[in-house]
1. With 183, 243, 253, 213 as the choices, which residue is away from the ligand (no atom under 16 Å from the Cβ) and among the hydrophobic types (A, V, I, L, M, F, W, C)?
2. Return the total of residues in the stretch 149-198 being surrounded by fewer than 18 Cβ atoms within 10 Å (Cβ to Cβ), part of a loop (DSSP other than H, G, I, E, B) and of a type in the set (Gly, Ala, Ser).
3. Among the residues of the stretch 156-180 satisfying the criterion of being touching a residue at least 40 places away in the same chain (Cβ under 8 Å) and touching a helix residue (DSSP H, G or I) at 6+ places or on another chain (Cβ under 9 Å), which is farthest from the ligand (Cβ to nearest atom)?
4. Collect the residues in the stretch 60-92 that are at pLDDT 95 or above, loosely packed, with under 14 Cβ neighbours inside 10 Å and more than 18 Å from the chain's Cα centre (by Cα), keeping them in residue-number order.
5. Looking at (1) more than 16 Å from the ligand (Cβ to nearest atom); (2) in contact (Cβ under 8 Å) with a residue 40 or more places away in the chain; (3) farther than 20 Å from residue 84 by Cα, find the lone condition where residue 233 falls short.
6. Select from the stretch 99-122 the residues that are touching a Phe, Trp or Tyr at 6+ places or on another chain (Cβ under 7 Å) and either closer than 22 Å to residue 82 by Cα or among the aromatic types (Phe, Trp, Tyr) (or both) and list them in ascending order.
7. Pairs under 6 Å by beta carbon, first residue under 18 Å from residue 79 (Cα atoms) and at pLDDT 95 or above in the stretch 198-220, partner hydroxyl-bearing (Ser, Thr, Tyr) and within 16 Å of the ligand (Cβ to nearest atom), six or more apart or different chains?
Amino acid sequence: MRNTSSDNLTALTQSSFDQLPDQRLQFILKTFVAHLHDFARDTKLTHEEWRAGLHFLHQAAAITDESRSEFSLMSDVFGLSSLIDLLAMGSEKATPGSNLGPFHSRGSPVMQSPANLLRNNPGQAAIFRGKVLDLKGKPIAGATVDFWQNADNGLYWQQDPEQPQDNLRCMLHAQEDGSFEIATIRPKPYTIPMDGPVGAMFVQSKRSPWRPAHLHLIVEAPGHRTLVTEIFDEEDPYLDTDAVFGVREVLVAQYKPVVDPELLKRYKDHDHLLEVKLDLVLE
Ligand SMILES: [Fe+2]
């Protein structure tokens, strides 16, 4: 095409993907081009603004490494991660998904339920328990529960050389009745990483960088959709202003004093023990 104009440029760019054999990928790229061009048209994007956008991406690339993805964070704070979680939902009876976050890694220590992660962690001891169920309410024995959370100082073990390796994370299998139990601490709210371009954008926009305290989970079982979700603390002050839009009403749970004598006996070394209960329903 010798005569590229603002009228034919979008169609031209789209047709450059015509030979792509993967039809789904071809559709995604063509739609991306349409929206990208419409974005520039709708905003009447100037050269300076376009260069500023590229500079933002360059800065994001510069601070990204194996343990830190500024691009995942961008996806989170622009609401894209949450939107994809919400679009993936089928049945309303299933536990909704929420953000994976940047601190999950494979290879969590495998433990038996009840798993005790308390070790010498400072903070409020709390028992997290529930059942893994299917949509009909039947227990899913053997479902894998991959669990991780932050310590009392708000940091995940990867961020904090003072914490032992794999602190406050484990992988276990639900028991015959679908139940699981993890002795842990009440998690703490924390801010998204503020030392990169996303942090600078938050400062400029006067946005709250806080995430409400949460437990992280990935629940998997053969024949069921994998659930990636978070469980929030009902008393957290940041529930309504989560920087990454991860909170859903049914994922908010109450930390209550333990009254079950069996639990009190099992964790007798801990005063003012709390428990938080939530069943996890897989599609
Ligand atoms: Fe988190």
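1. 183
2. Residues flagged as surrounded by fewer than 18 Cβ atoms within 10 Å (Cβ to Cβ), part of a loop (DSSP other than H, G, I, E, B) and of a type in the set (Gly, Ala, Ser) within the stretch 149-198 amount to 1.
3. By that ranking, first place goes to 164.
4. Result: 61, 62.
5. (1)
6. Scanning the stretch 99-122 gives 103, 104.
7. So the pair list comes out as 208/241; 209/191; 210/191; 210/238; 211/190; 212/238.
The values are calculated or read from the model by the stated rules, or taken from the named source; none is laboratory data. Since this is a predicted model, take the numbers as computed values, not measurements. Heads up, the Cβs are rebuilt from the backbone with ideal geometry, glycines too, and the neighbour counts pull from every protein chain shown.
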